[in-house]
């Protein structure tokens, strides 16, 4: 069973999250309910959750501060953000902290359940791969002596962290492999085996998820959002976004109820 931590300062929402979602039916168990970041931190340290559903604005310690501390403590839990905010800075920080997904309040529980099921499957696949790679030694043709002893999962954690903090940069395989201290060929092999898709596919996917988040949760215009996620030509950003989602950024923003700023 995957372990889930629920965090929201509003008791009715917290109770609904606990009772409405059929956690056991989807192979999960709620290991704690917290009404502040401080309470959540204590529960996370004790139980090491696989998935955290977390509100942004809470007393004592807000959601983003809690997630920051969670990451600093080495947790790779998937984060599902509950947000009612339209603030660009909140969105920016959430992206850097590797927030998996988000849903705007008021919460549509059927939609939330479907997304949680998907995330659960992704977590399970990730766990299987981690177990596999912990028992298999991948040999690089020209390994860097400083990093040869690093476990594949450590390298990939570092790679994913780097990618998610550099979405707006002109990021490439050479830069990442140099950052990790391994060859490009080893990086490509390791990345595909660990993540399941190529580096370019993953980078594009993350950029699109970040763009969708910003289109829904900020009032920045399309060009600004495109630049933030690494596309400095609006026309090209629109082309990539439409290919990924079936909609232009403007259409997506209109459908999802974001700001109408163009």
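Below are the figures for this structure:
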| read-out | value |
| --- | --- |
| Residue satisfying condition, being surrounded by 15 or more Cβ atoms within 10 Å (Cβ to Cβ), touching a helix residue (DSSP H, G or I) at 6+ places or on another chain (Cβ under 9 Å), farther than 22 Å from residue 99 by Cβ and modelled with pLDDT of 90 or more, within set 248, 198 | 248 |
| Subset of region 183-199 [touching a residue at least 12 places away in the same chain (Cβ under 8 Å) and either closer than 26 Å to residue 123 by Cβ or part of a helix (DSSP H, G or I) (or both)] | 185, 186, 187, 188, 189, 190, 191, 193, 194, 195, 196, 199 |
| Contacts under 7 angstrom Cβ, first residue in region 11-34 being in the same structural domain as residue 54 (by TED's automatic domain parsing), partner in a loop (DSSP other than H, G, I, E, B) and surrounded by fewer than 16 Cβ atoms within 10 Å (Cβ to Cβ), 6 or more apart | 27/1; 28/1; 29/1 |
| Condition check for residue 208: within 16 Å of the chain's Cα centre (by Cα) and either outside the structural domain of residue 171 (by TED's automatic domain parsing) or touching a residue at least 12 places away in the same chain (Cβ under 8 Å) (or both) | yes |
| Residue ID - surrounded by the fewest Cβ atoms within 10 Å (Cβ to Cβ), chosen from residues in region 31-71 that are within 17 Å of the chain's Cα centre (by Cα) and assigned to a strand (DSSP E or B) | 51 |
| Residue match in region 98-108 (condition: free of Cβ contacts under 8 Å to residues at least 24 places away in the same chain and part of a helix (DSSP H, G or I)) | no |
| Condition met for residue 170 (loosely packed, with under 15 Cβ neighbours inside 10 Å, under 22 Å from the mean Cα position of the chain (by Cα), outside the structural domain of residue 80 (by TED's automatic domain parsing) and modelled with pLDDT under 90) | yes |
| Residue 28 surrounded by 15 or more Cβ atoms within 10 Å (Cβ to Cβ) and within 22 Å of the chain's Cα centre (by Cα) | yes |
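The values are calculated or read from the model by the stated rules, or taken from the named source; none is laboratory data. Keep in mind that what you see is a predicted model, and the values were worked out from it rather than measured. Glycine gets a Cβ as well: all are built from the backbone with ideal geometry, and neighbour counts include every protein chain shown.
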